[in-house]
Every structure is written in C-alpha cells, then in structure tokens.
Amino acid sequence: MPAAVDAIDAYIQALPGERRRIAHGEWGLTLSSEQAGGWPLDVGLRIADGLLTVKAHALTDPEQIDPWMLLWWNRSTRMVRFGVTQAREVWVHADLPVAAVDETSLDRLLGLVVEGAVAVRDFQRAQREPAPEHGGGWLDPRG
C-alpha cells in the first residue's frame, strides 16, 4: 500500500485546481465548473481493504433522471458505476485494486469517474431544455 499511497499523492499534487490530502490514504479534489459540466465536482479517493475507491457527487437534484436508466447505464460502463442515495442524490463510484494503482490506471479511473458525472449532468440538462421546434438542417422538411 505505501507505493500506491505515494503514487496517488504525487498524481493528485500534480493536478491543477483545488486538491487536499484528508488523511493517510484519503484525498479530495474539486474540479471547476468549466471542467465538470456546469458546476464544481467534488471527487474523493480512499484506500481501504485493498481497494482504491473513487466517488464523485454528480447530482443533488435528480429531476428528469430515471434511476432505472442509471442501472441500464451501469451495464454499459467499464470500471465505474452510478449509485443513488436514499435522498436521491446521484453519485459515480469506481474501484481499483491497490496493487494495480499506477499513474496510468489512476488517470484512467479518475477520467472515467469525471466523464460519468459530466454525462449524467449533461443528460439532465438536455432533459430539462425543450427540444428545438425547428432544427433548420437539410433533413428538416420545413427548410
């Protein structure tokens, strides 16, 4: 585990933006609104029981999000999964065995977690916005 802790610590420290070491084997980082689909994204990392667990709080208000759709998305994702709390908040989770932690695997894991959070935020935004009445494309019969 010491090698994984050192690798994660070095990786986190090299990232731009707000980052923090909470305790031994625990880190946090906050991505800016521009990087995270419209509002800041808090991401937590923790080593416990032989796993590196990464969690990101994607949505507080899951309006327009069907939890069954998230289960369906879970079937098509790799390494990450969506979860919903009893308060209906949407989270993105991922786990990686500590023995597999290196810069490349960590970069991939964090990238997938952020991508999942941004995807569910973008999906919610698209569901809230009305569809355009006139697409204006060449396939639109109205011109």
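Every number here is computed from the coordinates shown, using simple stated rules; none is lab data. Just so it is clear, the model here is predicted, and its values are computed rather than measured. Here the Cβ positions follow ideal geometry from the backbone for every residue, glycine too, while neighbour counts run over all protein chains shown.
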Relative contact order %, segment 2-128, counting alpha carbon pairs below 8 Å whose residues are six or more apart: 24 percent
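May I ask for the longest run of the chain untouched by trypsin sites (Lys or Arg not before Pro) that are loop-located per DSSP and have at most 10 neighbouring C-beta atoms (other than their own) within 10 Å?
Numbers: sites that count: Arg78, Arg142.
Value returned for the longest uninterrupted segment is 1-77.
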Before rounding to the nearest 500, sum -39500 (n - 2.57) across all DSSP H runs of length at least 4 in the chain and divide by the residue total; then give [θ] at 222 nm in deg cm²/dmol. -11500 deg cm²/dmol
Per principal axis, descending, Cα span of the chain in whole Å: 64, 31, 24
Just how large is the dipole of segment 2-128 about the Cα centre, in debye to the nearest 20, putting +1 at every Lys and Arg Cβ and -1 at every Asp and Glu Cβ? 280 debye
